[in-house]
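Enquirer: Sharing a structure with you now.
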Amino acid sequence: MKVGTHPGSHTAEPLTSPTLFFLRSLPRGARRFWILVLVVGAIGGISAALLVQLLRLVQAVAWQGHGESFLAATSAATGLRRWMVPALAGVMVTAAALATRRPLRGHGTASIIESIWIRSGRLALPWTLFRGVVSIIAVGLGAPLGREGALLQTGAATASSLGRWLDLPGDKIRLLVACGASAGIAAAYNVPIGGALFGLEVLLGSFALDLFGPIVVACVTATLVSRILVGDHPSYLIPAYQLSGPKEMTLALLLGPLVGIASAVYIRTINAFGLVLEQGSELRRTALPVVTMLAIGGAAIWFPELLGNGYDSVNGALLGKLPLTLLLVLPLMKMVATAGASGAGIPGGLFTPSLFFGALLGGAFGKLAQHFGAPVPPGAFALLAMAGTLAGTTHAAVSAVLIIFELTGNYALILPLMLTSAISAFVSRALERESLYSAVLQRRNVELPEPINAHWLHSAHVRDLTRPARAKTLPVASFEEVALQLLEAPAGADLWVVDEENRLLGVITLDQLKGHLPEHSVLDRARASDLMQSTPRLRPDMSLAEVARIFAEVPEEELPVVDKRGLLLGTVNKREVMRRGRY
Amino acid sequence: MAATEVNTSPEELRRARRWLWAMIAVGVLAFALGLRAAPPVVFIRAEQEEQASKAAQNPKEEKTPPPEEQESGEAERPTMLPWLYLLKR
């Protein structure tokens with residue numbers, strides 16, 4: 001399509017599309033980055049389609065279901081098959097871990113966050129692809145985990161490899177990794193807006209405009225490619241529910257805190273299993289995938305709903321078809337099964353199982369409300385609870401609302417959806433400080449930097465960054481003592497002159513001391529009080545925004561923190577302030 | 001396989017262990033309640049097979065309509081406990 005010409009081109013060369021026009025108008029480095037964003041989005045869509053086909057193939061072979069739903073196929077299988085096929089998933093994971101001498105555990109999102117924030121976007125492509133394939137096969141064989149883990153990681157690892165191969169700067173590689181992971185989730189659920197918001201809110205922790213553009217482009221590209229290859233159909237079968245009356249809104253208001261509590265329980269359970277099952281002897285850790293999948297397979301003889309990612313049961317809850325008993329017992333069993341499988345080292349996503357947990361609990365809430373006389377569709381509450389659980393477990397209410405809104409395409413539910421999600425995220429965060437993803441990082445001693453934004457700069461205080469003063473001296477110290485102390489102090493440390501009550505009097509720096517050397521005839525009589533200088537002082541309750549302003553005006557690398565009486569409490573380093581504001 | 005480096009105090013580990021066992025107990029209880037309240041698919045399927053074989057042996061006998069699709073969960077499930085069902089078989 002001929003749409004125009006490049007404004008800077010003297011030859012008035014025709015352009016074929018607005019995209020080309022946009023790309024040509026960019027500087028070379030930016031152009032290369034945007035082309036990569038498109039490529040990463042397309043690869044995300046293609047790999048999502050391939051992995052979904054692999055999952056269907058494994059399900060068809062393992063469960064001999066042709067064209068039926070996964071639950072219908074597992075329900076039709078013999079009890080022995082329902083027990084042994086999941087056990088096979090455990091054997092496969094153990095064999096893969098033994099062969100590679102690396103555990104395959106983890107749901108992927110946490111390692112993507114770690115890669116973006118700590119490892120400059122580094123993710124090993126061959127290992128991630130291998131792990132993704134193992135994860136998809138395990139889910140196909142019945143592991144109670146989600147397929148999205150593999151899709152997210154594949155997109156992210158491809159982006160990381162491309163970025164490093166083309167020698168992009170570190171911040172661009174990190175953004176590209178987030179683009180790849182978001183593209184994976186957009187393609188997995190056919191939710192381009194929700195995928196983009198997930199990338200911004202969960203992976204990058206910011207809605208900054210310069211991050212928004214690339215992520216949206218990658219998600220849209222991935223979704224388009226996936227729709228061409230797999231087809232454009234909703235992930236869940238959701239009738240056009242309407243909840244707008246005061247009674248329904250009151251019920252949504254009640255559902256929010258309940259789902260928030262349930263989300264906190266879910267996070268704690270997943271973490272407890274992960275923590276405990278990671279311990280123990282090598283033999284125990286090696287055998288755990290097999291033992292756990294044998295137990296899950298055993299339970300699935302009676303409850304095949306426990307196997308796989310649980311799409312069909314969620315659909316049942318959304319259509320209001322499941323009986324109350326199953327709506328009450330299945331989420332509890334599924335939560336334990338998912339936590340067991342994940343903790344035992346089966347790789348797979350926790351996103352879809354959390355939707356299962358929420359949908360069935362919400363369905364139970366709806367049925368109970370119906371039982372007590374409220375004329376409401378239980379399926380609508382299953383939907384609200386899905387969004388609430390997503391918001392509660394990820395602590396990301398905006399993307400949760402958008403993902404579920406896109407899954408339904410129903411604007412009539414947006415108000416109760418927002419209400420339930422916001423309350424659930426608030427309650428869950430109050431009960432469990434860490435989200436499903438950040439808890440894993442916290443357990444592994446990975447400290448994420450605080451995101452930089454005006455709110456954070458104003459809400460963080462000097463006391464948060466105060467470190468003990470590294471070198472102190474009294475005002476009566478001789479020049480020789482001062483020089484010795486400064487030379488022995490760690491690199492970059494200044495010498496703080498304090499009185500006997502630890503009241504700050506001044507500072508002596510090495511550069512300042514050098515300035516006194518020409519006066520060598522009087523130096524043997526000089527005392528610290530003669531050599532020291534005054535310095536700006538910080539108070540513990542000052543905000544980091546104020547500190548940043550002071551550092552911008554003075555040459556000092558370190559400033560003292562004093563209390564109201566002038567007592568030295570410690571120091572704040574300029575580098576530390578800068579480090580906290582990274583990205 | 002190398003163990004993953006974790007940052008956990010013994011107290012945290014004890015708490016996690018207690019929570020794990022509590023949740024396993026909850027899962028087992030849910031399983032038992034589920035069995036008691038709605039005997040599971042496997043027994044329905046076994047009954048169906050039994051009825052089908054009876055029908056095959058005696059084709060003149062009127063066929064019992066099969067229960068609704070199981071995934072809907074609305075199908076009528078036998079009230080018999082699983083172990084009793086197995087004993088009876």
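Residue-wise test of (1) part of a helix (DSSP H, G or I); (2) out of contact with any Pro (no Cβ under 9 Å at 6 or more places or on another chain).
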| position | (1), (2) |
| --- | --- |
| A:M92 | yes, no |
| A:A110 | yes, yes |
| A:E114 | yes, yes |
| A:S120 | no, yes |
| A:L129 | yes, yes |
| A:S135 | yes, no |
| A:A143 | no, no |
| A:A156 | yes, yes |
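Enquirer: Still on this structure, please answer the following. Just to be sure before I move on: is A:L568 hydrophobic (A, V, I, L, M, F, W, C), at pLDDT 85 or above and outside the structural domain of A:I173 (by TED's automatic domain parsing) in the structure I sent? Reasoning before the result, please.
Expert: On the way: hydrophobic (A, V, I, L, M, F, W, C): yes; at pLDDT 85 or above: yes; outside the structural domain of A:I173 (by TED's automatic domain parsing): yes.
So A:L568 fits the description; yes.
Enquirer: Answer yes if at least one residue in segment A:327-349 is surrounded by fewer than 24 Cβ atoms within 10 Å (Cβ to Cβ) and more than 28 Å from A:R285 (Cβ to Cβ), and no otherwise.
Expert: yes
Enquirer: Any idea which residue in segment A:160-206 is surrounded by the fewest Cβ atoms within 10 Å (Cβ to Cβ), counting only those that are more than 13 Å from the chain's Cα centre (by Cα) and on the phi > 0 side of the Ramachandran plot?
Expert: Only one residue tops the list, namely A:D167.
Enquirer: Only helices (runs of 4 or more DSSP H) wholly contained in segment A:525-583 count here; list those with 3 or more residues that are of a type in the set (G, A, S), out of contact with any Leu (no Cβ under 8 Å at 6 or more places or on another chain) and over 15 Å from A:R463 (Cα atoms).
Expert: Details: elements: A:528-531, A:544-553, A:574-580.
The helices (runs of 4 or more DSSP H) meeting that bar number zero.
Enquirer: Only one of (1) part of a helix (DSSP H, G or I); (2) within 24 Å of the chain's Cα centre (by Cα) is not met by A:I228, so which one is it?
Expert: (2)
Enquirer: Also, quick follow-up: Out of A:A344, A:A337, which single residue is within 20 Å of A:G79 (Cβ to Cβ), out of contact with any Lys or Arg (no Cβ under 6 Å at 6 or more places or on another chain) and either outside the structural domain of A:Y189 (by TED's automatic domain parsing) or without any contact (Cβ under 8 Å) to a residue 24 or more places away in the chain (or both)? Full working, then the answer.
Expert: Details: A:A344 fails: within 20 Å of A:G79 (Cβ to Cβ).
Result: A:A337 is the single residue among A:A344, A:A337 that is within 20 Å of A:G79 (Cβ to Cβ), out of contact with any Lys or Arg (no Cβ under 6 Å at 6 or more places or on another chain) and either outside the structural domain of A:Y189 (by TED's automatic domain parsing) or without any contact (Cβ under 8 Å) to a residue 24 or more places away in the chain (or both).
Enquirer: Give me a count of the residues in segment A:547-566 that are of a type in the set (G, A, S) and within 34 Å of the chain's Cα centre (by Cα). Don't jump to the end; show me each part of the working.
Expert: The initial filter retains those residues of segment A:547-566 that are of a type in the set (G, A, S), namely A:548, A:552, A:566.
Now drop any that are not within 34 Å of the chain's Cα centre (by Cα), which leaves A:548, A:552.
Residues that pass the stated criteria total 2.
Enquirer: When you scan segment A:375-382, do you find a residue that is in contact with a helix residue (DSSP H, G or I) (Cβ under 6 Å, 6 or more places away or on another chain), at pLDDT 90 or above and over 24 Å from A:A150 (Cα atoms), even just one? Walk me through it before giving the result.
Expert: Initially, segment A:375-382 is screened for residues in contact with a helix residue (DSSP H, G or I) (Cβ under 6 Å, 6 or more places away or on another chain), giving A:376, A:378-379, A:381-382.
From the residues that got through so far, the ones that are at pLDDT 90 or above too are A:381-382.
If we keep only those that are over 24 Å from A:A150 (Cα atoms) too, we end up with A:381-382.
Yes: one or more hits.
For (1) within 21 Å of A:L441 (Cα to Cα); (2) within 22 Å of the chain's Cα centre (by Cα), each residue gets a yes or a no:
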{"residue": "A:A99", "(1), (2)": "no, no"}
{"residue": "A:R102", "(1), (2)": "yes, no"}
{"residue": "A:W127", "(1), (2)": "yes, yes"}
{"residue": "A:F130", "(1), (2)": "no, yes"}
{"residue": "A:G142", "(1), (2)": "no, no"}
{"residue": "A:L152", "(1), (2)": "yes, yes"}
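Enquirer: I've got another one for you. Only one of these is exposed (fewer than 15 other Cβ atoms within 10 Å of the Cβ), at pLDDT below 85 and either among the acidic types (D, E) or assigned to a strand (DSSP E or B) (or both): A:E519, A:E500. Name it.
Expert: A:E519
Enquirer: Next up: Against the condition free of Cβ contacts under 8 Å to residues at least 60 places away in the same chain, out of contact with any Gly (no Cβ under 9 Å at 6 or more places or on another chain) and within 28 Å of A:W117 (Cα to Cα), how does A:A552 come out, does it pass? Steps first, please.
Expert: On the way: free of Cβ contacts under 8 Å to residues at least 60 places away in the same chain: yes; out of contact with any Gly (no Cβ under 9 Å at 6 or more places or on another chain): yes; within 28 Å of A:W117 (Cα to Cα): yes.
Against the criterion (free of Cβ contacts under 8 Å to residues at least 60 places away in the same chain, out of contact with any Gly (no Cβ under 9 Å at 6 or more places or on another chain) and within 28 Å of A:W117 (Cα to Cα)), A:A552 qualifies.
Enquirer: Considering each of A:R147, A:R119 in turn, give the residue that is of a type in the set (K, R) and closer than 30 Å to A:M84 by Cα. Working first, answer last.
Expert: Working: A:R119 fails: closer than 30 Å to A:M84 by Cα.
It is A:R147.
Enquirer: Here's something else I'd like to know. Is it the case that some residue within segment A:327-347 is of a type in the set (D, E, K, R) and away from chain B (no Cβ under 14 Å)? Before the answer, list the steps.
Expert: Initially, segment A:327-347 is screened for residues of a type in the set (D, E, K, R), giving A:334.
Those still in the list that are away from chain B (no Cβ under 14 Å) too: none.
No - not one qualifying residue is present in segment A:327-347.
Enquirer: Considering (1) closer than 28 Å to A:S313 by Cβ; (2) at pLDDT 90 or above, say which one A:V230 fails and leave the rest.
Expert: (2)
Enquirer: Tally up the residues in segment A:223-253 that are farther than 30 Å from A:G41 by Cβ and either polar (S, T, N, Q) or free of Cβ contacts under 8 Å to residues at least 12 places away in the same chain (or both), please.
Expert: Let us first name the residues in segment A:223-253 that are farther than 30 Å from A:G41 by Cβ, namely A:239-253.
Still in the list and also either polar (S, T, N, Q) or free of Cβ contacts under 8 Å to residues at least 12 places away in the same chain (or both): A:242, A:244-246, A:250.
Total meeting the criteria: 5.
Enquirer: Looking only at residues in segment A:300-325 that are within 15 Å of A:T78 (Cα to Cα) and surrounded by fewer than 24 Cβ atoms within 10 Å (Cβ to Cβ), which one is nearest to the other protein chains (Cβ to nearest Cβ)?
Expert: So the residue we want is A:W302.
The values are calculated or read from the model by the stated rules, or taken from the named source; none is laboratory data. The structure displayed is predicted, hence computed values, not measured ones. So basically every Cβ, Gly included, is an ideal-geometry build from the backbone, and we count neighbours across all protein chains shown.
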